[in-house]
1. Here is a check on your reading of the model: is residue 46 of a type outside the set (D, E, K, R), on the phi < 0 side of the Ramachandran plot and at pLDDT 95 or above?
2. Would you point out the residue of the stretch 290-321, among those that are over 22 Å from residue 176 (Cβ atoms) and under 25 Å from the mean Cα position of the chain (by Cα), that is surrounded by the most Cβ atoms within 10 Å (Cβ to Cβ)?
3. Restricting to the stretch 307-330, name every residue that is within 18 Å of residue 13 (Cβ to Cβ) and among the basic types (Lys, Arg).
4. Take the conditions hydroxyl-bearing (Ser, Thr, Tyr), farther than 18 Å from residue 83 by Cα and in a helix (DSSP H, G or I) and apply them to residue 208. Does it pass?
5. Suppose the filter is open to solvent by less than 20 Å² (accessible area, probe 1.4 Å) and closer than 30 Å to residue 70 by Cα; does residue 215 pass it?
6. Please state which of the following conditions residue 324 fails to meet, knowing it meets all the rest: (1) surrounded by 18 or more Cβ atoms within 10 Å (Cβ to Cβ); (2) outside any helix (DSSP H, G or I); (3) not small (Gly, Ala, Ser).
7. Select, from 187, 182, the only residue that is under 21 Å from residue 245 (Cα atoms), open to solvent by less than 30 Å² (accessible area, probe 1.4 Å), modelled with pLDDT of 95 or more and out of contact with any Phe, Trp or Tyr (no Cβ under 7 Å at 6 or more places or on another chain).
8. Regarding the stretch 133-148, can at least one residue be identified that is of a type in the set (Gly, Ala, Ser), open to solvent by 60 Å² or more (accessible area, probe 1.4 Å) and farther than 30 Å from residue 77 by Cβ?
Amino acid sequence: MTVVGPFGLSVRDQALEADVQTGLAAVEAGLLDATKSEIPFITEAAQHLVLAGGKRFRPLLVMLAAQFGDPYAPGVVPSAVVVELTHLATLYHDDVMDEADVRRGVDSANSRWGNSIAVLTGDFLFARASHTLADLGPEAVRIQAEAFERLVTGQILETAGPQGDRDPVDHYLDVLGGKTGSLVAVSCRFGAMMSGADEGIVDILTQYGERLGVAFQLADDVLDIASDSHESGKTPGTDLREGVPTLPVLHVRAAAAAHGRPDDVELVELLDSDLTDDVRHAEALRRLRVHPALEQARRDTVRFAEEARAMLAPLPEGYAKAALEELCDAVVHRAG
């Protein structure tokens, strides 16, 4: 049994291990190649987060999904490079919006070079992803374009907030489906599609990825409250400090509105105050870490992970299916 990929995924088959390791190594080389520029400064900025590492969650899903066809088909690795470049580009933009100082354990691009360079570097990565994508055919371009539209729509909806009488939690889960679920779903879809897997299998893995992506982001929500920077690779409470709604906070607000308990109302007032103040921020984190809302968010994470696992039921038994099931457990473990 060998541990590969994010979360210490254990692979119990030597052939699967070889395919995954070979694929991920090729993706890493592809990322470095795609982020090179004739201008050294652009190369430095574009490779900043590539070299910082990361879980390579999306490329791993491409490799595992490709096991249901030919994992060495020519489009598999380039499609994994496309989804990871797209993901990296969104991180540059997200850090500007969140005014984050740390990403993957290193200075964020915006804190190192300023917002303008960070945004433009993200745009550069989008351009390089499109260049690679163009070689994969018009269907791949259409799929990626639709996913990117959903991703951006999710970000806009998050920024705008729920409209009218829309339940904030339902709104937020829709946001996550766009912001995170869409690209994780495409990772699974590309892996299966590029490998030549049957259309039914492509559909199953796409739906699995959508749900797993939401679970993955919900686990991040829990980590933003519960972890320290060593565990998460970014400053704890970043979303909290910037007033970005996350599921634990939304559950606190719902509890305060429904029951009016003094402690909940007081916590909401604290959350609505200026959390750029370090003392208030630390107090909000402390109180959220012991609030039932955090456990409720963990249960929601488990629910989406179990929905993802259930989607895999029709797939043929084997080591690839077992690895995808284990990823559901690994996502839940992150939020544990």
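The values are calculated or read from the model by the stated rules, or taken from the named source; none is laboratory data. None of the values given here were measured: they were computed from a predicted structure. Cβ placement follows ideal geometry from the backbone for every residue including glycine, while neighbour counts extend to all protein chains displayed. We work out accessible area using only protein heavy atoms, side chains counted, and drop any ligands, DNA or RNA first. Shrake-Rupley method; radii C 1.70, N 1.55, O 1.52, S 1.80 Å.
1. Details: of a type outside the set (D, E, K, R): yes; on the phi < 0 side of the Ramachandran plot: yes; at pLDDT 95 or above: no.
No, not satisfied.
2. Of the stretch 290-321, the ones over 22 Å from residue 176 (Cβ atoms) are 290, 313-321.
Subsequent filtering for residues that are under 25 Å from the mean Cα position of the chain (by Cα) retains 313, 315, 319-321.
On the way: 313: 9, 315: 18, 319: 16, 320: 23, 321: 16.
Looking at the filtered set, the residue picked out is 320.
3. Within the stretch 307-330, the subset within 18 Å of residue 13 (Cβ to Cβ) is 312, 315-327, 329-330.
Once the filter is applied, which keeps residues that are within 18 Å of residue 13 (Cβ to Cβ) and among the basic types (Lys, Arg), the stretch 307-330 yields only 321.
4. Values: hydroxyl-bearing (Ser, Thr, Tyr): yes; farther than 18 Å from residue 83 by Cα: no; in a helix (DSSP H, G or I): yes.
Considered against the rule, which asks whether it is hydroxyl-bearing (Ser, Thr, Tyr), farther than 18 Å from residue 83 by Cα and in a helix (DSSP H, G or I), residue 208 comes out as no.
5. Answer is yes for this residue.
6. Failing condition for residue 324: (2).
7. On the way: 187 fails: under 21 Å from residue 245 (Cα atoms).
Checking each option against the conditions leaves just 182.
8. Checked against the condition, which is being of a type in the set (Gly, Ala, Ser), open to solvent by 60 Å² or more (accessible area, probe 1.4 Å) and farther than 30 Å from residue 77 by Cβ, the stretch 133-148 yields no hits at all.
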